[in-house]
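Participant: Submitted below is the structure of interest, expressed as structure tokens.
The values are calculated or read from the model by the stated rules, or taken from the named source; none is laboratory data. Only a predicted model underlies this, so the values are computations on that prediction, with no experimental measurement involved. Cβ sites come from the backbone with ideal geometry, for glycine too, and all protein chains shown count toward neighbours.
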Amino acid sequence: MSLISKDSPGKELLLMGNEAIARGALEAGISVAAAYPGNPSSEIIGSLAEVAQEMGIYVEWSINEKVALEVAAAAAASGLNALVAMKQNGLNVASDFLFNLNLTGIRGGLVLVVCDDPSGISSTNEQDSRIAAIPADLPLLEPSTFHEAKDMVKYAFELSRSIQNVCLVRSVTRISHARGNVTLGPLPDRRPVPYFDTAKSLSALPASVTHPTAHRKFRQARELLKDSPFNRYEGPEKPELMVVTCGSGVLFSREAVQELGLDARVGLLKVGTTWPLPETFVVHHLANAKKVLFVEEVDPFLETNVLEIYARHNGNLPAIEFFGKKSGFAPDVGELSPGLVLGLLSQLTKTPLPTRDDRYSADAQDALHRFAPVRSLAFCAGCPHRASYWALKKALALDGRNGVVFGDIGCYALGVFATGFHQAKTLHAMGSGAGMAAGFGLLGKLGATQPAIALCGDSTFYHAAIPALINGLHHRSDFLLIILDNSATAMTGFQPHPGSRVDAMGLEARPVVLEDLCAALGAPPVIRDPFDLEDTTAAIYDLLQKQGTNVLILRQECALVRAKRNQARRKVEIDQTRCIGEECGCNRLCTRVLKCPGLNWDAGAGKARIDEAICTGCGICAQICPSRAIDVQEA
Amino acid sequence: MTKDPFNVVVTGVGGQGNVIASLLIGAMLVDQGYKVTIGETYGASQRGGSVMSHVRISRTQQFGPLMPPGVADLVIALEPSEAARVLGTLGNPTTVSVVNTRPVHPVDVICGDLPYPDLAELFAKIDSLSRESYFISATDSALELGNPILANIVLLGAVAGANLLPISREGLEKAVSEYMSPDKVAINTEAFVRGIDLVRGRARD
């Protein structure tokens, strides 16, 4: 039995925020859950998938976020409770549907959890998704602890059913990917049978009818949320400073107040129903405030909307000094940290920060400078992407026309850095590499001479690159699409995709085979194993000489997937008598250039050696060693 | 644990089992009625980057997932230079360190851009930044058990053996069974007991 399906009400467990969200959905009696994986949201659907069969629910990894929302909406249109989860970028993909679904509403319960990634720790951007709630006329809740994440998701279903519209929940990395105590509630034992009432339609047309309906539902949500227990005030009645905060800011702020001994001077206004804001509650507390500090991630959402409320009520409110991102006081990019919040509070209350003694601090600085070497981002040992980029770099050099590599979203995005030999020259959104390459491939008609190459992973291909490929084929664009097929959605935790033989729940699925799909579109692909560097290089070079839209599949399993199977690996050894080290004209090709973590430079001997705890046996170093000093023994 | 919150950092390099180690500590303590919050800091890479879990243990309240500078009470390092990195920002004169002795070289070292610090000097630096420090050959033990990933559990055993956290073999068995899977109990228990023996100096008896 998995953790999140334990039928033990009252039991306290240590759950990841995402698991707590999943548990809340189970306690709310969901029947369907869908998502496309994206950190920091992936474990929500991942943990539900693990318990799907046991709980009698349907869970899928959808082809992309828009389809995930559509799958969930179909269930919610049929009277069920359905959960859909995505990262902030995913909401952009799903938005076209969301901004029509909000007009028709649903008939069961539909909760859309968006996990934002302040500082872009595992994302290309740090977009604040909360802003979408305003134009979508949908309520948005923000949990600040793990237990609250569970309770809030459960309540979000209640709210969604009450207003018959979608309810948004916004989490962030420091909630979703952190762990804390969660007390389990009861699990329902019955779920409704899905039935779509055809007597009434769910049509966004005409907007003249549906937009007012959405507004009526929003006003209903406002009424239901005005006294919500998710909004609380703690602290003195007339605080010298009031911190208005939500999400991860709540725990950081509370700790900072305690740490600085400010309990009697500073109050904490914790907001859980971020949109619509509880206006009466906010006005009531602003009446006691002199100074207000906003602590939130990423955009000034609370700040903007509290200031708007203040403007409308200012006849009845005292003069207040507001501090936040808009006022220029707090940083307007990046995630919150305890140190940052401590600093803001210390400055506003003129309270000194705790410090380490000088001798220790100096010693600590020395440790950072001399004993903690930087660890740059790198592909894993045995990662097929390292081999693919190696072959690509070589083929582009042979081709000599300064080809442009359009990158995409996935582990291979690291191709813009050193271990991908800086080959990828653009990096934006899912599928955008293919779209841009297809576009660049048309510029030959206008005199461009550089070849265009798009890279994308297998999962990314299904998600968003297919329309770009079709677009390129249709318009006779000259570009090469290289699909780095490592058999899984590796970056987010090896979720299956439409090419997989099993689905999220572990049941047999019908694979939509990459090569069949490409062939059917009129681009029968060439398939190579990137671990065969020479063969792969030649294939890329040959395809670059061909006109039209061509597809190359570089197929080799993710090293981490291989490691999970725990099967015997090939043994790689360096014969130090043959490695001529610094003397070799190769200038340390294996370590200096290839940069595989499975290789070490033995500075004493001046030669390379294998780190047997890290090497996965891919053997590409053996292929590039000019002295043939690296031996690979089959397992 | 004399302080509340008691702040533990589990640090290492991606792929070393840092997350599992902190999860198991947390699971064992939640089972004893503590409020535990675990936050993780990591780069975008699956492997090769520095990763760090902040484990915050309290009798009374749920603390935030990241700790403020300079408040670590216990540092458990799966990689020695990562111990230096953590002590540099989170350490203080009362911090206790439990450190795996085996380095994992960053690509920056592998490619020759940076040197890896001299090990004896590195250990001395860690010791000078700690009230007490324990150096454990956890990866070597784990390789003897057949899988380098078990170094994380060997270190947890060392933490238990030195009485640095209220965790025990029985607690570990329950946590592995409940939070990982029952079929992983035997091998993890073996690694844990190795760690206890190593720290008590009985490993090679």
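Participant: Within the stretch B:85-98, track down each residue that is more than 7 Å from every other protein chain (Cβ to nearest Cβ), more than 13 Å from the chain's Cα centre (by Cα) and in contact (Cβ under 8 Å) with a residue 40 or more places away in the chain.
Facilitator: B:LEU90
Residues are listed down the side, and each one gets a yes or a no for (1) of a type in the set (Ser, Thr, Tyr); (2) in a helix (DSSP H, G or I); (3) more than 29 Å from A:ILE483 (Cβ to Cβ); (4) out of contact with any Cys (no Cβ under 7 Å at 6 or more places or on another chain):
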site: A:GLU557; (1), (2), (3), (4): no, no, no, yes
site: A:GLU573; (1), (2), (3), (4): no, no, yes, yes
site: A:GLY585; (1), (2), (3), (4): no, no, yes, yes
site: A:SER627; (1), (2), (3), (4): yes, no, yes, no
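Participant: Hey, another quick one. Taking the stated definitions as given, is A:ARG592 in contact (Cβ under 8 Å) with a residue 40 or more places away in the chain and either in contact with a Leu (Cβ under 6 Å, 6 or more places away or on another chain) or not hydrophobic (A, V, I, L, M, F, W, C) (or both)? Walk me through it before giving the result.
Facilitator: Details: in contact (Cβ under 8 Å) with a residue 40 or more places away in the chain: no; either in contact with a Leu (Cβ under 6 Å, 6 or more places away or on another chain) or not hydrophobic (A, V, I, L, M, F, W, C) (or both): yes.
Here the answer is no, as A:ARG592 does not meet what is asked.
Participant: Next question. Does B:GLU170 fit the bill of being within 11 Å of chain A (Cβ to nearest Cβ) and of a type outside the set (A, V, I, L, M)?
Facilitator: On the way: within 11 Å of chain A (Cβ to nearest Cβ): no; of a type outside the set (A, V, I, L, M): yes.
When the stated conditions are applied, B:GLU170 does not pass them.
Participant: Okay, moving on. Quickly run through the stretch B:166-201 and pick out the residues that are within 20 Å of A:GLY180 (Cα to Cα) and in contact with a Phe, Trp or Tyr (Cβ under 8 Å, 6 or more places away or on another chain).
Facilitator: Once the filter is applied, which keeps residues that are within 20 Å of A:GLY180 (Cα to Cα) and in contact with a Phe, Trp or Tyr (Cβ under 8 Å, 6 or more places away or on another chain), the stretch B:166-201 yields only B:LEU172.
Participant: State whether the residues of the stretch B:141-153 include one that is farther than 15 Å from B:GLU79 by Cα, in contact with a Leu (Cβ under 9 Å, 6 or more places away or on another chain) and surrounded by 23 or more Cβ atoms within 10 Å (Cβ to Cβ).
Facilitator: Within the stretch B:141-153, none of the residues are farther than 15 Å from B:GLU79 by Cα, in contact with a Leu (Cβ under 9 Å, 6 or more places away or on another chain) and surrounded by 23 or more Cβ atoms within 10 Å (Cβ to Cβ).
Participant: Right, next: Of the residues B:LEU155, B:LEU165, B:LEU114, only one is at pLDDT 95 or above and either at the interface with chain A (Cβ under 10 Å from one of its Cβ atoms) or part of a helix (DSSP H, G or I) (or both); which? Give the derivation first.
Facilitator: Details: B:LEU165 fails: either at the interface with chain A (Cβ under 10 Å from one of its Cβ atoms) or part of a helix (DSSP H, G or I) (or both); B:LEU114 fails: at pLDDT 95 or above.
Being at pLDDT 95 or above and either at the interface with chain A (Cβ under 10 Å from one of its Cβ atoms) or part of a helix (DSSP H, G or I) (or both) holds for just one of B:LEU155, B:LEU165, B:LEU114, which is B:LEU155.
Participant: Moving on. Kindly evaluate A:THR536 against the criterion of being touching a residue at least 40 places away in the same chain (Cβ under 8 Å), surrounded by 15 or more Cβ atoms within 10 Å (Cβ to Cβ) and touching a Phe, Trp or Tyr at 6+ places or on another chain (Cβ under 9 Å).
Facilitator: Values: touching a residue at least 40 places away in the same chain (Cβ under 8 Å): yes; surrounded by 15 or more Cβ atoms within 10 Å (Cβ to Cβ): yes; touching a Phe, Trp or Tyr at 6+ places or on another chain (Cβ under 9 Å): yes.
Yes: the conditions hold for A:THR536.
Participant: Mind checking whether some residue in the stretch B:76-84 is at the interface with chain A (Cβ under 7 Å from one of its Cβ atoms), farther than 21 Å from A:GLY249 by Cβ, crowded, with 23+ Cβ neighbours inside 10 Å and within 17 Å of the chain's Cα centre (by Cα)? Break it down into steps so the answer makes sense when it comes.
Facilitator: First pass over the stretch B:76-84, keeping only residues at the interface with chain A (Cβ under 7 Å from one of its Cβ atoms): B:81, B:84.
Filter once more, so that each one left must be farther than 21 Å from A:GLY249 by Cβ: B:81, B:84.
Cutting the leftovers down to crowded, with 23+ Cβ neighbours inside 10 Å gives us B:81, B:84.
Cutting the leftovers down to within 17 Å of the chain's Cα centre (by Cα) gives us B:81, B:84.
Among the residues of the stretch B:76-84, at least one is at the interface with chain A (Cβ under 7 Å from one of its Cβ atoms), farther than 21 Å from A:GLY249 by Cβ, crowded, with 23+ Cβ neighbours inside 10 Å and within 17 Å of the chain's Cα centre (by Cα), which makes the answer yes.
Participant: Can you work out which of the residues in the stretch A:339-361 that are in contact (Cβ under 8 Å) with a residue 60 or more places away in the chain and β-branched (Val, Ile, Thr) is surrounded by the most Cβ atoms within 10 Å (Cβ to Cβ)?
Facilitator: A:VAL341
Participant: Now for a different question. Looking only at the stretch A:543-559, count how many residues are surrounded by 14 or more Cβ atoms within 10 Å (Cβ to Cβ) and either at pLDDT 95 or above or assigned by TED's automatic domain parsing to the domain that holds A:ASP611 (or both). If you could, list the steps in order and put the result at the bottom.
Facilitator: Step one: of the stretch A:543-559, the residues surrounded by 14 or more Cβ atoms within 10 Å (Cβ to Cβ) are A:543-544, A:548-559.
Subset that is either at pLDDT 95 or above or assigned by TED's automatic domain parsing to the domain that holds A:ASP611 (or both): A:543-544, A:548-556.
Number satisfying all stated conditions: 11.
Participant: What's the number of the condition B:THR101 fails, among (1) facing chain A (nearest Cβ under 9 Å); (2) touching a helix residue (DSSP H, G or I) at 6+ places or on another chain (Cβ under 8 Å); (3) surrounded by fewer than 20 Cβ atoms within 10 Å (Cβ to Cβ)?
Facilitator: Result: B:THR101 fails condition (1) only.
Participant: If we keep just the residues of the stretch A:472-530 that are in contact with a helix residue (DSSP H, G or I) (Cβ under 7 Å, 6 or more places away or on another chain) and assigned to a helix (DSSP H, G or I), which is surrounded by the most Cβ atoms within 10 Å (Cβ to Cβ)?
Facilitator: The residue in question is A:GLY472.
Participant: Hey, among B:ALA21, B:ALA72, B:ALA27, which residue is at pLDDT 90 or above, at the interface with another protein chain (Cβ under 7 Å from one of its Cβ atoms) and within 26 Å of B:SER137 (Cα to Cα)?
Facilitator: On the way: B:ALA21 fails: at the interface with another protein chain (Cβ under 7 Å from one of its Cβ atoms); B:ALA72 fails: at the interface with another protein chain (Cβ under 7 Å from one of its Cβ atoms).
Criteria check complete, one pass: B:ALA27.
Participant: Let me ask you something else. What single numbered condition from (1) touching an Asp or Glu at 6+ places or on another chain (Cβ under 6 Å); (2) within 25 Å of A:LYS87 (Cα to Cα) fails to hold for A:GLY441?
Facilitator: The one condition A:GLY441 does not meet is (2).
Participant: Out of the stretch A:146-173, which residues are over 19 Å from A:SER78 (Cβ atoms) and not in a helix (DSSP H, G or I)?
Facilitator: A:LEU168, A:VAL169, A:ARG170, A:SER171, A:VAL172
Participant: Here's something else I'd like to know. Within the stretch A:74-100, can you find the residues that are in contact with a Ser or Thr (Cβ under 9 Å, 6 or more places away or on another chain), hydrophobic (A, V, I, L, M, F, W, C) and not in a strand (DSSP E or B)?
Facilitator: The answer is A:ALA75, A:ALA76, A:ALA77, A:LEU80, A:LEU91.
Participant: Let me spell it out: the conditions are (1) more than 20 Å from A:PRO37 (Cβ to Cβ); (2) of a type in the set (D, E, K, R); (3) free of Cβ contacts under 8 Å to residues at least 60 places away in the same chain, and A:LYS87 meets all of them except one. Which number is the exception?
Facilitator: (1)
Participant: Another one. Would you say B:ILE38 is in a strand (DSSP E or B), at the interface with chain A (Cβ under 7 Å from one of its Cβ atoms) and either crowded, with 22+ Cβ neighbours inside 10 Å or in contact with a Leu (Cβ under 7 Å, 6 or more places away or on another chain) (or both)?
Facilitator: Numbers: in a strand (DSSP E or B): yes; at the interface with chain A (Cβ under 7 Å from one of its Cβ atoms): yes; either crowded, with 22+ Cβ neighbours inside 10 Å or in contact with a Leu (Cβ under 7 Å, 6 or more places away or on another chain) (or both): yes.
In short, yes.
Participant: Out of the residues in the stretch B:124-139 that are surrounded by fewer than 22 Cβ atoms within 10 Å (Cβ to Cβ), more than 10 Å from chain A (Cβ to nearest Cβ) and without any contact (Cβ under 8 Å) to a residue 60 or more places away in the chain, which is farthest from A:SER361 (Cα to Cα)?
Facilitator: The extreme case among them is B:PHE135.
Participant: Also: Could you tell me whether the stretch A:214-228 includes any residue that is over 30 Å from B:THR37 (Cβ atoms), among the polar types (S, T, N, Q) and assigned to a helix (DSSP H, G or I)? Can you show your working first?
Facilitator: Let us first name the residues in the stretch A:214-228 that are over 30 Å from B:THR37 (Cβ atoms), namely A:214-224, A:226.
Subset that is among the polar types (S, T, N, Q): A:220.
With assigned to a helix (DSSP H, G or I) added as a condition, the list becomes A:220.
Yes, the stretch A:214-228 contains at least one residue that is over 30 Å from B:THR37 (Cβ atoms), among the polar types (S, T, N, Q) and assigned to a helix (DSSP H, G or I).
Participant: Testing B:ALA120 on (1) under 30 Å from A:ASN587 (Cβ atoms); (2) more than 7 Å from chain A (Cβ to nearest Cβ); (3) small (Gly, Ala, Ser), one condition comes back false. Which one is that?
Facilitator: (1)
Participant: What about A:VAL193, is it within 12 Å of another protein chain (Cβ to nearest Cβ), of a type in the set (A, V, I, L, M) and outside any helix (DSSP H, G or I)?
Facilitator: Answer is no for this residue.
Participant: Kindly provide the set of residues from the stretch A:242-257 that are closer than 19 Å to A:ARG179 by Cβ and either modelled with pLDDT under 95 or among the hydroxyl-bearing types (Ser, Thr, Tyr) (or both), ordered by number. So that I can check it myself, show each step before the final result.
Facilitator: Of the stretch A:242-257, the ones closer than 19 Å to A:ARG179 by Cβ are A:247-252, A:254-255.
Residue satisfying the conditions is A:SER248 alone.
Participant: Now for a different question. Any chance you could count how many residues in the stretch A:26-73 are in a loop (DSSP other than H, G, I, E, B) and either of a type in the set (Gly, Ala, Ser) or closer than 20 Å to A:VAL172 by Cα (or both)?
Facilitator: Our first condition is that a residue be in a loop (DSSP other than H, G, I, E, B); within the stretch A:26-73, this holds for A:28-31, A:36-41, A:56-57, A:62-64.
After this cut, where a residue has to be either of a type in the set (Gly, Ala, Ser) or closer than 20 Å to A:VAL172 by Cα (or both) as well, the list is A:28-29, A:31, A:36-41, A:56, A:62.
Here the count works out to 11.
Participant: Just to check your reading of the model, which residue among A:ARG254, A:ARG216, A:ARG222 is touching a residue at least 12 places away in the same chain (Cβ under 8 Å), among the basic types (Lys, Arg) and more than 14 Å from every other protein chain (Cβ to nearest Cβ)?
Facilitator: On the way: A:ARG254 fails: more than 14 Å from every other protein chain (Cβ to nearest Cβ); A:ARG216 fails: touching a residue at least 12 places away in the same chain (Cβ under 8 Å).
Step by step, each of A:ARG254, A:ARG216, A:ARG222 is checked, and only A:ARG222 is touching a residue at least 12 places away in the same chain (Cβ under 8 Å), among the basic types (Lys, Arg) and more than 14 Å from every other protein chain (Cβ to nearest Cβ).
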